[in-house]
Amino acid sequence: MTSGYQVFLGLDVGKGEHHAVALDATGKRLHDAPLPNTEPRLRAVFDKLARYGTVLVVVDQPATIGALPVAVARALGHQVAYLPGLAMRRIADLYPGNAKTDARDAHAIADAARTLPHTLRAVDTGDDTLAELGVLVGFDDDLAAEATRVSNRIRGLLTGIHPALERVLGPRIAHPAVLEILSRCGGPAGIRKAGRRKVAAIVAAHAPRMGARLVEQIWTALDEQTVTVPGTTAADTVLPRLADSLKTVLHQRKAIADEVEGMLDAHPLAEVLISMPGIGVRTAARVLLEVGDASGFAGSAHLAAYAGIAPVTRRSGSSIKGEHPARTGNRKLKRAFFLAAFAALSDPTSRAYYQRKRDEGKKHNAALICLARRRCDVLFAMLRNKTHYRHPEKTPAPAAA
């Protein structure tokens, strides 16, 4: 990746200013100074270094605070690369000294670009769809975290004042019928005061199929507890507000999902990804953001190791050996692969492989990781060849003699 470059510019990016270190092919310093995060100053430094030859700009973070230098470099026609954080930390240990400074980090980045080109990853900033998609998916991640926080707060509050009611409503806390009950009636005291008929009307409007069963379960739970736990009155005031907050967050997530789906329609690889069982809009968006077209990976094993779903072998002579789950890797991508594997259990092929691993004695999560690793091979081939998922053909049973 670094062949043909005469200047290697390492940027340790920051919010207000970066630190820039430029080296030539022999390792001689051409530039070493702080660099304000403004377009005029970035252009001035890039133009100055371009007089020495072709420039490769390497950053330690290509998004957020590193987005402007990446965009300016690309606008001036320079190639941009990215040095992942894990590789950066390991390479920094090769240099003398224990100080953690921007100047030292920038020099390590530039020198890694010059001497260790295999550690670099390409920065695909030419895809405007992915850039826009990254903003939406990042906001959706924030909304998902907020939804989890509010859901846990509601369930915790119900558990404290009425455990039996929480056992009924907790597993369905995100259902529109349950949120509407909590929003309009409050906690156990408010639900009982509203009466069975009103609650039944609320449930019928939002969950007609399970309405009668849910109302019966709610009243059975209310009858199980006759004492009033301190804090119940305040809970009737707080729970409607929490329910309204959760409804708003879930509504925003649905709107974001629609926008993400609209953007995915414009990306040529979206249909390829969604054709695979278990991959939906959000998972496809995450894979595209983290992997792109997979051209930056030498093979599916490289992709699996990057995602943290490849087992790690540990051996020491003949006394200690075995394979263990990886504790490193891209956590967002690992979670996407894991959730996609879980969603794919309704697919007969995936279910059969998962069951085979369970029969070998693996626990649920371990079997899902094995399934995710197997699906990674298929996904890599789909992205590389730009082909849709094809269900394996069933092998005909041998004819009876």
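The values are calculated or read from the model by the stated rules, or taken from the named source; none is laboratory data. In this text, all values refer to a predicted model and were calculated from it rather than measured experimentally. Here the Cβ is made from the backbone with ideal geometry for all residues, glycine too, and neighbour counts use every protein chain on show.
Quick grid of which residues meet (1) surrounded by 13 or more Cβ atoms within 10 Å (Cβ to Cβ); (2) more than 30 Å from residue 331 (Cβ to Cβ); (3) of a type in the set (A, V, I, L, M, F, W, C); (4) in contact with a Leu (Cβ under 8 Å, 6 or more places away or on another chain):
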residue: 154; (1), (2), (3), (4): yes, no, yes, yes
residue: 163; (1), (2), (3), (4): yes, yes, no, no
residue: 177; (1), (2), (3), (4): yes, yes, yes, yes
residue: 180; (1), (2), (3), (4): yes, yes, no, no
residue: 208; (1), (2), (3), (4): no, yes, no, no
residue: 235; (1), (2), (3), (4): yes, yes, yes, yes
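Considering 123, 135, which residue is surrounded by fewer than 17 Cβ atoms within 10 Å (Cβ to Cβ) and at negative phi?
On the way: 123 fails: surrounded by fewer than 17 Cβ atoms within 10 Å (Cβ to Cβ).
The unique qualifying residue is 135.
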*Would you check if residue 181 is closer than 19 Å to residue 250 by Cβ, touching an Asp or Glu at 6+ places or on another chain (Cβ under 6 Å), assigned by TED's automatic domain parsing to the domain that holds residue 245 and among the β-branched types (Val, Ile, Thr)?*
no
*Working only within the stretch 270-296, note down all residues that are under 20 Å from residue 391 (Cβ atoms) and part of a loop (DSSP other than H, G, I, E, B).*
275, 276, 277, 278, 279, 280
*Could you grab the pairs with beta carbons closer than 6 Å, sequence gap of 6+ or different chains, first residue in the stretch 143-158 and acidic (Asp, Glu), second one surrounded by 15 or more Cβ atoms within 10 Å (Cβ to Cβ) and at pLDDT 95 or above?*
146/249
*Have a look at 104, 74, 114, 43 and point out the one that is at negative phi, of a type in the set (D, E, K, R), part of a helix (DSSP H, G or I) and within 27 Å of the chain's Cα centre (by Cα).*
74
*Six or more apart or on different chains, Cβ under 8 Å: which pairs go from a residue in the stretch 184-196 that's more than 19 Å from residue 153 (Cα to Cα) to one that's part of a helix (DSSP H, G or I)? Could you list them?*
192/222; 193/185; 194/184; 194/185; 196/215; 196/219
_Complete set of residues in the stretch 4-32 that are under 13 Å from residue 110 (Cβ atoms) and small (Gly, Ala, Ser)_ = 10, 20, 22, 25, 27
_Selection count, the stretch 219-228, where residues are under 40 Å from the mean Cα position of the chain (by Cα) and within 12 Å of residue 189 (Cβ to Cβ)_ = 1
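Got a sec? Which of 199, 203, 227 is β-branched (Val, Ile, Thr), outside any helix (DSSP H, G or I) and either out of contact with any strand residue (DSSP E or B) (no Cβ under 6 Å at 6 or more places or on another chain) or surrounded by fewer than 17 Cβ atoms within 10 Å (Cβ to Cβ) (or both)? Give the derivation first.
Details: 199 fails: outside any helix (DSSP H, G or I); 203 fails: outside any helix (DSSP H, G or I).
Of 199, 203, 227, the one residue that is β-branched (Val, Ile, Thr), outside any helix (DSSP H, G or I) and either out of contact with any strand residue (DSSP E or B) (no Cβ under 6 Å at 6 or more places or on another chain) or surrounded by fewer than 17 Cβ atoms within 10 Å (Cβ to Cβ) (or both) is 227.
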_Out of 96, 40, 84, sole residue that is assigned by TED's automatic domain parsing to the domain that holds residue 13, without any contact (Cβ under 8 Å) to a residue 60 or more places away in the chain and farther than 30 Å from residue 132 by Cα_ = 96
*Yes or no: residue 48 outside the structural domain of residue 299 (by TED's automatic domain parsing), assigned to a loop (DSSP other than H, G, I, E, B), farther than 28 Å from residue 295 by Cα and charged (D, E, K, R)?*
no
*Considering only residues that are closer than 19 Å to residue 294 by Cβ and small (Gly, Ala, Ser), look in the stretch 327-343 and name the one that is surrounded by the fewest Cβ atoms within 10 Å (Cβ to Cβ).*
329
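Can you name every residue in the stretch 323-362 that is basic (Lys, Arg) and either in a loop (DSSP other than H, G, I, E, B) or in contact with a helix residue (DSSP H, G or I) (Cβ under 7 Å, 6 or more places away or on another chain) (or both)?
To start, the set of residues in the stretch 323-362 that are basic (Lys, Arg) comprises 327, 331-332, 334-335, 351, 356-358, 362.
Answer for the stretch 323-362, where residues must be basic (Lys, Arg) and either in a loop (DSSP other than H, G, I, E, B) or in contact with a helix residue (DSSP H, G or I) (Cβ under 7 Å, 6 or more places away or on another chain) (or both): 327, 332, 334, 351, 357, 358, 362.
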